[in-house]
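The values are calculated or read from the model by the stated rules, or taken from the named source; none is laboratory data. What you are looking at is a predicted structure, and each value in this text was computed from that prediction instead of being measured. FYI the Cβ positions are ideal-geometry reconstructions off the backbone, even for glycines, and counts take in every protein chain you see. SASA here: full protein model, heavy atoms, side chains in, ligands and nucleic acids out. Shrake-Rupley method; radii C 1.70, N 1.55, O 1.52, S 1.80 Å.
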Amino acid sequence: FIRTLASDLGEMEDLPEEIALLISRWACKSSITAGRRLTEEEMATLVDDLRHAEAGFACPHGRPTIVAIALEDIEKLFGRR
């Protein structure tokens with residue numbers, strides 16, 4: 001059922017929001033978790049996928065996937081300012 005639904009998502013414009021949210025949460029559960037080590041290739045793919053994602057700034061639960069840190073803040077962390 002899920003495979004069929006996933007393959008038809010591009011054609012379904014009236015997908016109920018609850019179903020879309022449920023599917024996105026399932027996807028989030030199987031995503032990369034804290035502590036998992038990634039290869040350089042996996043990291044590059046992840047960043048590229050986020051750049052092209054429609055809403056890549058947060059996961060379905062609202063947790064940020066991209067965070068901006070000012071150069072000044074990084075310098076403070078390393079005692080450079």
(message) Here's a check for you: in region 31-72, which residue that is of a type in the set (Gly, Ala, Ser) and open to solvent by 70 Å² or more (accessible area, probe 1.4 Å) is modelled with the highest pLDDT?
(response) Ala68
(message) What are the pairs with Cβ atoms under 7 angstrom where one residue, in region 36-59, is under 25 Å from Ala20 (Cβ atoms) and the other, located anywhere, is among the β-branched types (Val, Ile, Thr) and open to solvent by 90 Å² or more (accessible area, probe 1.4 Å)? Sequence gap at least six, or different chains.
(response) Leu50/Ile66; Gly56/Ile66; Phe57/Ile66
